[in-house]
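Here's the structure we're looking at; comments come further down.
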Amino acid sequence: MNGLIDALFDLTQAVRYVAIYRHGQLSLRQRPELNLASAPESDRYEELLVNPTILTLTRQRGEIDCGGLDYVVVRYGNFFEFVVPIEGGHASVAFEPDGDPIGHAREVLGTIERHLT
């Protein structure tokens with residue numbers, strides 16, 4: 001997963017944090033010297049509890065009559081959290097508040113696809 005994490009950080013300086021949760025294994029990293037960083041334990045719970053729950057709810061809703069789910073973006077006070085379902089889990093990419101996660105969506109999705117296929 002390190003190659004994927006490195007590639008996601010390389011997309012833009014606006015990436016502040018990357019996490020991959022797949023088949024019960026969590027890999028996460030944040031950019032060094034990050035302003036207003038979340039506590040590591042908070043990030044861990046975000047990836048183990050919050051993001052899987054958000055994806056379950058939105059995926060189920062999307063499959064009813066919305067054409068599925070590509071990704072979810074959550075806007076917290078200090079950052080955006082871009083969450084993508086992947087086989088066996090999810091990938092999270094946190095962006096700075098001015099980082100435009102929607103503008104980077106294709107790059108993020110393409111990078112994930114290239115590294116996981």
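All of the numbers you see were taken from the coordinates with simple rules; none came from a lab. These numbers come from a predicted model, not from an experiment. Note: ideal-geometry Cβ built from the backbone for every residue, glycine included; neighbour counts use all protein chains shown.
What's the FRET efficiency of ARG61 with ALA105 using the Cβ-Cβ distance as r and R₀ = 25 Å, to the nearest 0.05? Provide the component values of the computation, followed by the final result.
Numbers: r = 19 Å, r/R0 = 0.77.
E between ARG61 and ALA105, to the nearest 0.05, is 0.85.
The order of SER42, SER27, going from fewest to most other C-beta atoms within 10 Å of their C-beta, is SER42, SER27. Each Lys or Arg adds one and each Asp or Glu takes one away; over the other residues whose Cβ falls under 10 Å from the Cβ of ILE86, this sums to -1. Modelled this way, with points 7 Å down the Cα-to-C-beta line, the labels at THR53 and ASP70 are 2.7 nm from one another. With contacts taken as Cα pairs under 8 Å and at least 6 residues apart, the chain reaches a relative contact order of 31 percent. What angle do you read, to the nearest 10 degrees and between 0 and 90, between the alpha-carbon axis of helix 105-116 and the longest principal axis of the chain? Once rounded, the angle reads 80 degrees.
With a simple spin-label model that places each label point 7 Å from the Cα along the Cα-to-Cβ direction, the separation between THR117 and GLU33 comes to 3.8 nm.
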